[in-house]
Each structure stands twice: as C-alpha cells, then as structure tokens.
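**Student:** A single structure is presented below for examination.
The values are calculated or read from the model by the stated rules, or taken from the named source; none is laboratory data. Note that the structure is a prediction, hence the values are computed from the model and not measured. Here the Cβ is made from the backbone with ideal geometry for all residues, glycine too, and neighbour counts use every protein chain on show. Side chains are part of the model used for accessible areas, which takes the heavy atoms of the whole protein and leaves out ligands, DNA and RNA. Shrake-Rupley method; radii C 1.70, N 1.55, O 1.52, S 1.80 Å.
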Amino acid sequence: SMIVSVTVTPVLAYYLLPGMKQLHAGDSPLVTRLKRWDAKLLHWSFGRSRALLAGAAAVVALTAASIPLFPRSFLPPFNEGTLTVNVLLNPGTSLAESNRIGTLAEQIVAGVPEVTKVGRRTGRAELDEHAEGVHYTEMDVDLKPSERSREAIIGDIRARLAVLPAVSNVGQPISHRLDHLLSGVRAQIALKVYGDDLDTLRGLAADLRGRLAKIPGVTDLQIEKQVLIPQIKIRVDYEQAARYGVAPGALLTSLEQMIEGERITQIVEGNRRFDLLVRLPESGRGLRELPDLLIETPGGHVPLSRLAAIEDGDGPNQVSRENARRRIVISANTDGRDMSKVIADIRAELAARPLPEGYFTALEGQFQAQEQAARLIALLALVSLTMIFLVLYSRYRSMALTAIIMGNIPLALVGSVVALWISGQPLSVAALVGFITLTGIATRNGILKISHYINLCAFEGETFGDHMIVRGSLERLTPVLMTALVAAFALVPLLLSADAPGKEVLHPVAVVIFGGLVSSTLLDTLLTPVMFRLWGEKPLQRLLAMKEQESF
C-alpha cells in the first residue's frame, strides 16, 4: 500500500482529478454542517484548554487503571459448534465393560436437547499419536444453535455424566488440541507433581486434588490414571542362570517372544493384511503354568522355576517422565470463571502447604502461554512505540510535536477498553495485538493535522494563531473522518459475527481497533488543536527557520 501510494496514486490523481469536482466548488451539505459544528467546538475549547486536557488525562488514567480488572485468557473462547467429551475408567477395565459404559455415555449425551450427533471412539491404536488404552473413550458431539449459552450446555452434559462410574472431561476439539500442545494434557490447567517414588506421587496427587476441588471455578478435576494393576513378575536368578549356562538377556528375550508374541510373517487375503504372531497359548501363560515352562540350556531343557522366581503382584499401569523426572498430572478446566483468578487461587493453595523435600510442582496450561505472550507483546509494543517516536522525531525535529501526535495513542486506548467492556471480551492475545495495531492507526490523524498546520505557515502565508489552527483543522476534517470511516466499515462484518465459528480470534481485534478509532477520532478533533495551540508555537517557528536555512 505504501508503494502504491507514492507511485500509482499520484498518476491516477493526475489523470482523474481534473475532471472531478474542484475545490472551489464547495463542500456537500453534510460536510458543511460538520465543519460548522467543529469550528464552534474549537472556539469553545480554546478558552478551556487546560481543563479539557486535565479531564482527558483523568479519563485515560481511569481507563488504564481498569485494565488489570479484565478477565484474562490466552485466546478468546472458541465456538466450534462441536464438543469433545472424554470418559475415563480405571486402567485394566475390559473392552466389553468400557464399551458398555461408553454406550451409556452416548445415550446420556444424546439426551441433551442441543445435541444432534454423537460419535464415539473407545481406545486408540498403539501406533496412534495419541495412543490410549481401552479404558479411554472419546466422543465428538455436534450441537445445533440454541438459546442456551455454550457454558450452560457444557454444564448440563457434565451434570448428566456425573452418574457414571467414570471421570469425564468436556471441551472442544481445537481447544483440546491446543491445550495438549501447551501442556501435554487435554485440559486448560495442568498441575504436574514431580518426584521419585510413585506411591508418594500418587498420595500427593490425591491430596492436591482434594484441596483444588474446594477452589471456585475448578471443574473436570482428575488425576492422571497411574494406578496399580495386577502383574506377573519374573525375577531372574543370575547365579542359577550362570550355573545352567543361560545368558540373562537371552532368557528375557525368549520369555518376551513366548509371552508377548513375535511377528514372523504377514498373511494377505485380498486387500486385507494380518500379522502372524507366534506365542504360547493363553492356557500356558498363567501364574501356575509359567513355572513349568521349559527353557533350552546347553545341558538340556529345564523348567523356568529353576532360573527365575515367579510371583503374583501389582505394578503401575504406566510410569510418566518429563525432563528426566517421574511425574503425575492433575488436570482441570474452568466453568467460566476468570482463568487468572482461578490460577491465583491455585498458586495460593500450593504456597500454603509446601511439598516434602525432593518433590515439587509445575503449573502449566493456557494461562502460562497467555503470561508469556503478554510479556512478549509488551516488549514488542515498546519497540513499536520507540520506532514510531523516532520516525516522527526525524520528520518534525521536535519532542513537543512528536508528543502531541503520539498523544492520540492513549486517546485510542480509551475507546478500545470501553469497547472490550461493552462486548464482554477478555483481555486475550488477540486484544493485545489489536492494541499494537491501533498505535499506528491512531498516530495517523495527528500527522494529518500537524503536517497541515506546518504547511499552512510554510507555504500559504498563515501565522501561528487561532485562525490558522481552526482553518487547518477544518480542512483536515474530511480526510480524517474518511480514513477512519473506511477502516471502521471494513471491521463491521467482524463486529457482527462474534459467535461465528472461525472468527473468535478476529472479533476481539476488530472490537479493539473499532473502539480505538471512534475515541481517537472524536477526541483528536478536539484535543490535538488544543495541544498544538498550547505547545506548538516554538517548535513550529524553529521548524520554519530550519526550512528557510535549508532553502538557502
């Protein structure tokens, strides 16, 4: 657009403008009325300059003070039109039982009035990126438009699923994937407990779950399914194995092949392919049969009981590690309460009762990404403002004129914050990006006016005073309103489609920019001439003197 403005636009103006309306033809009735109102407003404001600026400063300070009160989130709430419902049973649950509970969950969810379709997966294949046991059921639930809010529908589903002997988690597909990318858990909040002893970890997790359950706004609270399941343990007697000439590694490999099975070929039937596994029959892999299993040795076959101890016991269904430390995860969602307040309560609860030595926690999730993004955006905003300041100063060679132009930025902040409050949007990364985008747009109006004031004095014989400021403001009223309206009209479709799937991220950006355009345009019309009248005379004279010297 910048390249077009300095190349194509002048050429088009040269060929097209001569045949269009000329400046001496006068303004339209609407523009004439707007200029008359603006002239009256400017003459009225010149006698009340300091009071107006003090009032504007108070409004900006009040607006800035209200920003910490906003609810915060990483991204705006999504409206995907589909829900993802996870139902978890204890590991070790049979496929038949898990399928029965999953069928009941389907029927329960299908009874919600807004639900149109329910699809279910029980278990995930071992080679799947998100492999899960048969105790895990995931349902995709399609919704139809309803008068009830999404939070109310999700609350209804949670209440209905509470009758099942399982733990449920309700979210949305993209939101779940995003949560999984951020913390490795399909939930908004992940509290990870690190330590060495698995039993201690499970005990600490159970205690923390009970404490977190008392915090308002926490829902879908569950502990990662690390439980003890029945196991047959085979412990090799190294002395006996050496006595019979059996290598422990070879013995363990042989046992794994016989018990778990070994793929030896593949059977092809038409378009279908099956792996052929060779292993002991089911009747030969029990606790009573394994001691008599014959193992080949250099001296002949001997029963397994002579080489290893075989016992019945319990063991963890899984051992999770992160950063080389064992860990267990407590996951949770929020029921609509401000995420930042929920996280503050969780941190206060963790600080109230420290964990034993050698054990520690890490709180992760969307809020962590939001905090990191806010710090990064604050840094980028500072860089952006610095660059804007340097560009303006290189043009006007005056701190005062640069400050007057950049004064539009806090004026735009007023409208943006008010628009966020009215629309009920949280302070998300999308809104912060809108604030940064607005800084460049807000300075444009000041540049249009200040540059015209200077040109009137430099090329049209005007001198600094009320007449020049009023003339310059009226002559720039139409360009300022036109550029602001063009941008505002372009944002209207995004403003009116707040709940449309796919526009959740763009809507807050549009709200911030639209509100900022309204406030900066209206306040700039009044305050920029007032500020230039108070502090612009000396910089203007100095700039005109520099231009005269350069002309010589």
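**Student:** Helix 466-475 versus the longest principal axis of the chain: what is the Cα-based angle in degrees, 0 to 90, to the nearest 10?
**Tutor:** The angle comes out at about 60 degrees.
**Student:** Report the gain in length on full extension from LYS117 to VAL505: 0.36 nm times residue separation, minus Cα-Cα distance, nm rounded to one decimal.
**Tutor:** Computed gain between LYS117 and VAL505 is 137.0 nm.
**Student:** Here's a follow-up. Reported to two decimal places, what Rg/Rh ratio describes the stretch 46-95 when computed on Cα atoms with Rh from the Kirkwood expression?
**Tutor:** Numbers: Rg = 25.8 Å, Rh = 16.9 Å.
My calculation of the ratio gives 1.53.
**Student:** Just name one of VAL193, GLN172, LEU182: the one whose Cα is farthest towards the positive end of the charge dipole of the stretch 162-264 (beta-carbon charges, Lys/Arg +1, Asp/Glu -1).
**Tutor:** Highest projection toward the positive end goes to GLN172.
**Student:** Suppose every K and R has +1 on its Cβ and every D and E has -1 on its Cβ; what is the size of the dipole of the stretch 274-328 about the Cα centre, in Debye to the nearest 20?
**Tutor:** 380
**Student:** Using a 1.4 Å probe on the protein heavy atoms only, what accessible surface does TYR359 show? Give it in Å² to the nearest 10.
**Tutor:** Its accessible surface works out to 40 Å², give or take rounding.
**Student:** Mind checking the stretch 442-498 for GluC sites (Glu not before Pro) that DSSP puts in a loop (not H, G, I, E or B) and that have at most 11 other Cβ atoms within 10 Å? Present the calculation step by step, with values, prior to reporting the outcome.
**Tutor:** Details: sites: GLU460, GLU462, GLU475; in loops: GLU460, GLU462.
Answer by residue number: GLU460.
**Student:** To continue, here is another question. Under the 0.36 nm per residue contour assumption, what length would be gained going from the current alpha-carbon distance of GLU349 and LEU95 to full extension?
**Tutor:** Roughly 87.6 nm would be gained on extension.
**Student:** Which percent of the accessible area of the chain is formed by carbon and sulfur heavy atoms (probe 1.4 angstrom)? Working shown, then result.
**Tutor:** Values: 17900 of 29930 Å².
So the carbon and sulfur contribution to the accessible surface is 60 percent.
**Student:** What is the pair-distance distribution P(r) of the stretch 266-394, computed from all Cα-Cα distances in 10 Å bins starting at 0, with each bin given as a whole percent?
**Tutor:** Answer for the stretch 266-394: a P(r) of 8, 16, 16, 15, 15, 15, 7, 4, 2, 0 percent.
**Student:** I would also like to ask the following. So for the stretch 82-241, taking the charge dipole from beta-carbon charges (+1 Lys/Arg, -1 Asp/Glu), which of GLN231, VAL118, ILE153 sits furthest toward the positive end?
**Tutor:** Toward the positive end, the furthest listed residue is ILE153.
**Student:** How much length, in nm to one decimal, is gained on full extension between GLN231 and LEU376, taken as 0.36 nm per residue of separation minus their Cα-Cα distance?
**Tutor:** Residue separation times 0.36 nm, minus the Cα-Cα distance, leaves 47.2 nm.
**Student:** If you count only protein heavy atoms with a 1.4 Å probe, what accessible area per residue comes out for the chain, rounded to a whole Å²?
**Tutor:** 54
**Student:** Please give the charge dipole size of the stretch 199-264, origin at the Cα centre, charges +1 on K and R Cβ atoms and -1 on D and E Cβ atoms. Round to the nearest 20 debye.
**Tutor:** Numbers: 9 positive and 9 negative charges, 61 e Å.
Once rounded to the nearest 20, the dipole reads 300 debye.
**Student:** Another question about this same structure. Mind checking which lysines have their C-alpha under 28 Å from LYS35, skipping anything on the same chain fewer than 8 residues away?
**Tutor:** Candidates past the 8-residue exclusion: LYS21, LYS449, LYS538.
**Student:** Next question, about the same structure. Would you please put 504-512, 262-270, 57-65 in order of how densely packed they are, using the mean number of other Cβ atoms within 10 angstrom per residue and starting with the highest?
**Tutor:** The peptides rank, most packed first, as 504-512, 57-65, 262-270.
**Student:** Can you give me the C-alpha center-to-center distance between the stretch 480-523 and the stretch 308-332, rounded to a whole angstrom?
**Tutor:** 52
**Student:** Modelling each spin label as a point 7 Å along the Cα-to-Cβ direction, I'd like the ASP142/ALA247 distance in nm, to one decimal.
**Tutor:** According to this spin-label approximation, the distance is 5.8 nm.
**Student:** For Cα pairs less than 8 Å apart in space and 6+ apart in sequence, what is the mean separation divided by the residue count of the chain, i.e. the relative contact order in percent?
**Tutor:** 19
**Student:** Find which of THR297, GLY261, VAL511 sits farthest along the positive direction of the dipole of the chain, computed with +1 on the beta-carbon of Lys and Arg, -1 on that of Asp and Glu, about the Cα centre.
**Tutor:** The Cα lying farthest towards the positive end belongs to VAL511.
**Student:** Once both axes come from the Cα atoms, what is the angle between helix 49-66 and the longest principal axis of the chain, in degrees from 0 to 90, rounded to 10?
**Tutor:** 0
**Student:** What percent does the relative contact order of the stretch 463-552 come to when contacts are Cα pairs within less than 8 Å and at least six residues apart?
**Tutor:** That works out to 37 percent.
**Student:** Given labels modelled 7 Å from the Cα in the Cβ direction, how far is it in nm from ALA61 to ARG124?
**Tutor:** So the label points at ALA61 and ARG124 sit 5.4 nm apart.
**Student:** If you don't mind, there's one more thing I want to ask. Run the reach check for LYS341 against lysines, Cα to Cα strictly under 30 Å, same-chain hits fewer than 8 apart removed. What comes back?
**Tutor:** In chain and number order, the partners are LYS192, LYS214, LYS225, LYS503.
**Student:** Okay, next question. To the nearest 20 debye, what is the magnitude of the charge dipole of the chain about its Cα centre, counting +1 on the Cβ of each Lys and Arg and -1 on the Cβ of each Asp and Glu? Mind showing how you got there, number by number?
**Tutor:** Details: 56 positive and 55 negative charges, 496 e Å.
Taking the Cα centre of the chain as origin, the dipole is about 2380 debye.
**Student:** Here are several values of Cα extents along the principal axes in Å: [x] 71, 50, 47; [y] 118, 60, 38; [z] 116, 57, 54. Which one was derived from the coordinates shown?
**Tutor:** Derived directly from the coordinates: [z].
**Student:** With the contact rule set at Cα under 8 Å and sequence spacing of 6 or more, what percent relative contact order holds for the stretch 1-153?
**Tutor:** On the way: 116 pairs, mean separation 31.3, N = 153.
Over the stretch 1-153, the number comes to 20 percent.
**Student:** Over the stretch 325-393, what per residue volume does the convex hull of the Cα atoms give, in whole Å³?
**Tutor:** 153
**Student:** For the stretch 49-176, what is the largest minus smallest coordinate of the Cα atoms on each principal axis, given in angstrom and ordered from greatest to least?
**Tutor:** So the three principal-axis extents are 79, 34, 22 Å.
**Student:** How far is helix 366-396 tilted off the main Cα axis of the chain, in degrees rounded to 10, range 0 to 90?
**Tutor:** Helix 366-396 sits at roughly 30 degrees to that axis.
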